[in-house]
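Chemist: Encoded as structure tokens, here's the structure I'll be asking about.
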Amino acid sequence: MHDLSKMRMHTKVVHAGQRPDPETGAVSIPIYQSSTFRFRDADEGADRFAGRDPGHIYTRLGNPTTDHLEEAIALMEGGCGALGAASGMAAVNTVYFALLGQGSHVVATESLYGPSRMVLETEYKRYGVSATFVDSSDAQNVARAMRPETKLVYLETPSNPTLKLTDIRACADIARAGGALLCVDNTFCSPLLQRPLEMGADIVLHSMTKFINGHTDVVAGIVTARDPELFKRLAKVHKNMGGTMDPHQSWLVLRGLRTLALRMEKAQANSLILAPFLENHPKVAWVRYPGLASHPQHALAASQMDGPGAVISFGVRGGLEAGKTVINNVRIPTLAVSLGGIESLIEHPASMTHAGIPQAERKAADITDDLVRLAVGCEDAADLQADLERALDMI
Ligand SMILES: *Cc1c(COP(=O)(O)O)cnc(C)c1O
């Protein structure tokens, strides 16, 4: 139709990867629930395996429904292609497995999504990979941790659950100067709010379980990259390791993706009401949210993000026990891990999502015992505020 790559993000969210089905004209791409695809004759089969014919072979290697989703995310992130993954962790492991080997080293944000850090410290370590975790909110810490054998700089910004930001442009320069690749886990922002490839990152990945799908009904991930040769390497590992997507899963994520802009706008507007409310509440000790002027990197947020997002971390006066009172008494946010869905969720990272990280390391990463993570959803802001107020009054 038109050159979608020149359109604004909200148009891309609705139309990227959307092509009416060539067979039937169906506007919503059908679920191609087939494990394998017929070749017309022996030559066509040979051409597909040789890559001369782009048609489908077998669903682990590519599926028409998944193609549409991959095309959509690649377009939004500015990648040359994308790889749908069975989960966010399947996407993370595709990147680690493709780029790391015996003797290689990773520099990563210290407060990563728990399992993204734990697999490096346990499983990859068994294969001779070492990792240094740093407070990447100061890019100099990343520069200092670089070694000749560093192959990957791996960032989460905003970090989970501390909501510290990392300067993507500065880290892209550091990685390039050190001969390493830069990968950013962009789950907390979605491509709507932050596009790391445009800032010099080589690889971007998402847990699509969160904002991209947005309906708390699918687990999925995706990887995209800027350079076609790097993308080919990632694709080969991804398809052979087998963490690929099922077409039904792809269809659900595509359906969720189309309302990403609406959902993000609402959840972000709610967050911009709730964060100052919490900050001014006498029972709240501190609030971390990139949209608050008090956030130490408020200016960086404005320069590399198109909005502050919809996750707020805060500590309640009285520490963990007081925090538990809030978590146990709110009625609208559900006590559950995950984020980025239409409904608000609340959790306690030190005993839940980040419990696998030893306490001393958690403390060093500022994942304090009093930290409560609120993933703001699309409910009415006044209802959410009244609910938090009531729960805080119970302390
Ligand atoms: C949830 C999450 C992951 C892992 O994704 P799954 O879909 O649960 O496997 C990775 N990174 C971040 C930042 C996440 O929030």
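What follows is calculated from the coordinates using simple rules that are stated; it is not laboratory data. Note that this is a predicted model, so its numbers are computed, not measured. Cβ coordinates were reconstructed from backbone atoms using ideal geometry, including for glycine residues, and neighbour counts include every protein chain displayed.
Chemist: Checking the a/c ratio against 1.5 first, then a/b against b/c, what shape does the Cα gyration tensor give for segment 120-162?
Modeler: Since a/c reaches 1.5 but b/c is at least a/b, the shape of segment 120-162 is classed as oblate.
Chemist: Over all directions, what mean area does the Cα convex hull of segment 260-392 project, stated in square nanometres? Intermediate values should be presented prior to the final figure.
Modeler: Details: hull surface 31.3 nm².
The Cα convex hull of segment 260-392, projected and averaged over all directions, gives 7.8 nm².
Chemist: Rounded to the nearest 0.05, what FRET efficiency do Ala269 and Glu361 give with R0 = 41 Å and r taken as the Cβ-Cβ distance? Could you check? Could the numbers behind the result be given before it?
Modeler: Details: r = 35 Å, r/R0 = 0.86.
With R0 = 41 Å, the Cβ-Cβ based efficiency is 0.70.
Chemist: Using only alpha carbon pairs under 8 Å that are at least six residues apart, calculate the relative contact order of the chain and give it in whole percent.
Modeler: Numbers: 802 pairs, mean separation 64.7, N = 395.
Over the chain, the number comes to 16 percent.
Chemist: Can you put Asp47, Asp41 in order, fewest other beta carbons within 10 Å first? Intermediate values should be presented prior to the final figure.
Modeler: Numbers: Asp47 15, Asp41 8.
Sorted ascending by nearby Cβ count, the order is Asp41, Asp47.
Chemist: Where the centroid of each part is defined by its Cα atoms, how far is segment 26-73 from segment 253-297 in Å?
Modeler: 40 Å
Chemist: Okay, moving on. Report, ordered by chain and residue number, the lysines lying within cross-link reach of Lys236, taken as a straight Cα distance under 25 Å and ignoring same-chain residues fewer than 8 apart.
Modeler: Here the lysines satisfying the reach criterion relative to Lys236 are Lys125, Lys151.
Chemist: I would also like to ask the following. Give me the net charge of Val372's neighbourhood, meaning all other residues with Cβ under 13 Å from the Cβ of Val372; Lys, Arg count +1, Asp, Glu -1. Working shown, then result.
Modeler: On the way: positive: Lys283, Arg288, Arg317, Lys324, Arg373; negative: Glu321, Glu347, Asp369, Asp370.
It works out to a net charge of +1.
Chemist: In what order do Phe49, Phe133 fall by count of nearby beta-carbon atoms within 10 Å, going from fewest to most?
Modeler: Fewest-to-most Cβ neighbours within 10 Å comes out as Phe49, Phe133.
Chemist: Oh, and also: Name the aspartates and glutamates eligible as straight-distance cross-link partners of Lys210: C-alpha to C-alpha under 13 Å, and not fewer than 8 places from it in the same chain.
Modeler: List returned: Asp185, Glu343.
Chemist: Stretched out fully, how many nm does the piece from Ile342 to Lys232 gain, at 0.36 nm a residue minus the Cα gap? Walk me through the intermediate numbers first.
Modeler: Values: separation 110, 0.36 × 110 = 39.60 nm, distance 3.48 nm.
Result for the pair: 36.1 nm of gain on full extension.
Chemist: Stretched out fully, how many nm does the piece from Thr259 to Asp41 gain, at 0.36 nm a residue minus the Cα gap? Don't jump to the answer; show the numbers that get you there.
Modeler: Details: separation 218, 0.36 × 218 = 78.48 nm, distance 4.15 nm.
Working it through step by step, the gained length comes to 74.3 nm.
Chemist: Please compute the net charge surrounding Arg233, taking Lys and Arg as +1 and Asp and Glu as -1 over other residues with Cβ under 14 Å from its Cβ.
Modeler: On the way: positive: Lys151, Arg226, Lys232, Lys236, Lys239; negative: Asp202, Asp227, Glu229.
My count for the surroundings of Arg233 gives +2.
Chemist: Follow-up. Which aspartates and glutamates have a Cα less than 16 Å from the Cα of Lys6, not counting those fewer than 8 places away in the same chain?
Modeler: Glu71, Glu77, Glu198
Chemist: Could I ask something else about it? How much net charge surrounds Ile332 when only other residues with a Cβ under 13 Å from its Cβ are counted (Lys, Arg +1; Asp, Glu -1)? List each step's numbers first, then the result.
Modeler: Numbers: positive: Arg331, Arg390; negative: Glu343, Glu379, Asp380, Asp383, Asp387, Glu389.
The answer is -4.
Chemist: P(r) for the chain: what percent of alpha-carbon pairs falls in each 10 Å bin, starting at zero?
Modeler: 5, 23, 32, 24, 12, 3, 1, 0
Chemist: Suppose R0 equals 25 Å; then what is the FRET efficiency for Thr24 and Arg60 from their Cβ-Cβ distance, rounded to the nearest 0.05? Write out the running numbers ahead of the final one.
Modeler: On the way: r = 25 Å, r/R0 = 1.00.
E between Thr24 and Arg60, to the nearest 0.05, is 0.50.
Chemist: Which order results if Trp251, Trp286 are arranged by neighbouring Cβ count within 10 Å, fewest first?
Modeler: Fewest-to-most Cβ neighbours within 10 Å comes out as Trp286, Trp251.
Chemist: Now for a different question. Suppose a student asked you for the relative contact order of segment 260-392, using Cα pairs under 8 Å spaced at least 6 residues apart; what percent would you report?
Modeler: Numbers: 212 pairs, mean separation 39.4, N = 133.
Normalised by residue count, the contact order of segment 260-392 is 30 percent.
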